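Encoded as structure tokens, the structure appears first; notes follow it.
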Amino acid sequence: MAIAFSGFFLLLVSGIPIVLALGIAGLLAIELTTSAPVSIIAQRIYGGISSFTLMAIPFFVVSGLLMEAGGIARRFVGLAEALVGWITGSLYMVAIVTGTGLAAISGSGSADTAAISAVMVPEMKKRRYDIDMAAAVIAASGALASIIPPSIVMIVIAITSNQSIGAIFLAGVVPGVMITTFLMAGCWVYCRSQGEIYRDSQAFTLARLWRSFKEAAPGLLVPVIVVGGIVGGVFTATEAACVALFATLAITTLIYREITLRDLPRIALRAISLSATVLIIVATASIFTWVIATAGVPALLRDWLTGITQSPWVFLLIVNLLLLVVGMFMESISAVLILLPILTPIAHSFGIDPVHFGIIVSLNLSIGLITPPYGICLYVAASVAGRRIEEVTRRVWLPLGAMLVVLALVTYVPAVSLWLPNALIR
């Protein structure tokens, strides 16, 4: 087992893509430490992606790309401006609320970050906002896609831990709304001390809000249909993803009319590329997961942890610290596929609810999207804003603090994440 982990980290540090690092390390471990035939690799790769539920990922990816290109994102920004644009630090508030709305459609943090940045950054520069803080806040708003349903990461967590996708989705709603609230409160406090440029003179009016709501209403129907359908048992997660795709396609082509048939091949090719990136990681990670299970690593780690502590609280603290560090260096889905099969049985032995544990994992990895050196959402926001990552990192303390507070509450107050799934489907 030491060969697998050491080989994986050595390859990762050397700059080899993570998908190759997972596959090569798994191959070496099988060849050097087991008597299994090499054909097990092909079996595990096929078995890793031979899942009806995983088919939801490409459909949600296409739905998110259609949203980004078809005017839904821009109308969400307009609705957010009408709703919170009168508050001190209005453009920060608009970015956060828009991120929350887009997260409920796309499930992709980097796509949401790019869409919000493209719309908001030019106006923020014009209004002389702190662009480094703006990029950090937009990155955190994009990272909400990992915790607000329908999240691709949460789908992988549910599949890996053999839990209800509907329960996992519902468990992410309250933590996601809490992060939105804490981010807005933090930005309001920050902007109050930064001068007149953050004070918006545009008054709130119901007429403007109603006009913006009517414009954005077709797009708002998508998350309601998707999450409502899954929770209500009308369709599975994969069927919900198909519904989201066709609903988004109908809205962007027939209602908003900002996408034509000529645009679809370009969007389809990008969706194929993004989906293949995710699924090939799932496939190669299944080799690594099989090696870990065969070597008895979960039992060894459980014995080691129970030898250190008998307290679930201390165990969760250790898990949070581990995942926060892992999230700084590893892509979210890879981290889930490698660590969750090890940690879930240990969490079960401590009596921790698996849905609660899944949300803790998802929250930690969403924080990883804004923490350097890997933080992909931070890189996307910095790139669109035309700032160096080092400059933006100096401002990440505000959104990071808000997300860590919510992580602590979710970790040690299980009802925060569990009351909604318990009330509706469990």
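The values are calculated or read from the model by the stated rules, or taken from the named source; none is laboratory data. Keep in mind the model is a prediction, meaning the values are calculated, not measured. Heads up, the Cβs are rebuilt from the backbone with ideal geometry, glycines too, and the neighbour counts pull from every protein chain shown. Keep in mind that these areas ignore ligands, DNA and RNA; they rest on the heavy atoms of the full protein, side chains included. Shrake-Rupley method; radii C 1.70, N 1.55, O 1.52, S 1.80 Å.
A few points about this structure:
- Radius of gyration and maximum dimension Dmax of the stretch 158-213, Cα, Å: 18.4, 52
- Taking all protein chains together, GLU258, GLU215 sort by accessible area into GLU215, GLU258, largest first [probe 1.4 Å].
- Computed from Cα atoms alone, the Kirkwood hydrodynamic radius reported for the stretch 300-363 is 12.0 Å.
- At q = 0.18, 0.22, 0.25 Å⁻¹ the log10 of I(q)/I(0) for the stretch 79-123 amounts to -0.48, -0.70, -0.86, computed by Debye summation with a single uniform scatterer per C-alpha, solvent ignored.
- Area accessible to solvent at LEU261, 1.4 Å probe radius, in Å²: 150
- When only alpha carbons of the stretch 209-285 are considered, Rg and Dmax amount to 15.4, 49 Å.
- Considering only the Cα atoms of the stretch 9-69, their convex hull presents on average a projected area of 6.2 nm².
- Cα gyration tensor category, rounded, prolate or oblate, for the stretch 44-200 with a/c compared to 1.5: prolate
- Rg/Rh for the stretch 242-302, where both radii come from Cα atoms and Rh is the Kirkwood radius: 1.34
- Inter-label distance for VAL405 and GLU123, nm, one decimal - labels placed 7 Å from Cα along Cα-to-Cβ: 2.5
- Rg and Dmax, both from the Cα atoms of the stretch 66-158 and both in Å, are 12.7, 43.
- DSSP-assigned coil residues among trypsin sites (Lys or Arg not before Pro) in the stretch 68-175, each with at most 13 further Cβ atoms within 10 Å: ARG127, ARG128
- Averaging the sequence gap over all C-alpha pairs within less than 8 Å and six or more residues apart, then dividing by the number of residues, gives the stretch 85-244 a relative contact order of 30 percent.
- Remark: relative contact order (the chain) = 26 percent; criterion is Cα-Cα distance under 8 angstrom and separation of 6 or more residues.
- Candidate residues MET403, MET184: accessible-area rank, largest first, probe 1.4 Å: MET184, MET403
- Counting every alpha-carbon pair across the stretch 302-426, the share separated by more than 21 Å comes to 45%.
- Near-label residues of the stretch 74-89 by backbone N, under 17 Å of a point 7 Å along Cα→Cβ of TRP210: 79, 82-83
- A simple charge model with +1 on the Cβ of Lys and Arg, -1 on the Cβ of Asp and Glu and nothing else charged puts the dipole of the chain at about 800 debye relative to its Cα centre.
- Relative contact order of the stretch 355-409, defined on C-alpha pairs under 8 angstrom at six or more residues apart (%): 32
- FRET efficiency estimate (nearest 0.05) - Cβ-Cβ, VAL189 to VAL224, R0 25 angstrom: 0.20
- The alpha carbons of the stretch 133-173 occupy a box of 39, 17, 11 Å along the principal axes, longest dimension given first.
- Largest-first principal axis extents, alpha carbons of the chain, Å: 70, 48, 45
- Building the convex hull from the alpha-carbon atoms of the stretch 359-426 and averaging its projection over directions returns 5.4 nm².
- Surface accessible to a 1.4 Å probe, TRP397 within the full protein complex, Å²: 140
- Here, the stretch 162-295 yields an orientationally averaged convex hull projection of 13.9 nm² when only Cα atoms define the hull.
- From the Kirkwood radius over Cα pairs of the stretch 97-151, Stokes-Einstein at 10 °C and 1.306 mPa s returns a whole-number translational diffusion coefficient of 145 µm²/s.
- For the set HIS348, HIS356, the ranking by accessible area, highest first and with no ligand, DNA or RNA atoms included, is HIS348, HIS356 under a 1.4 Å probe.
- More than 22 Å apart - percent of Cα-Cα pairs taken over the stretch 18-126: 53
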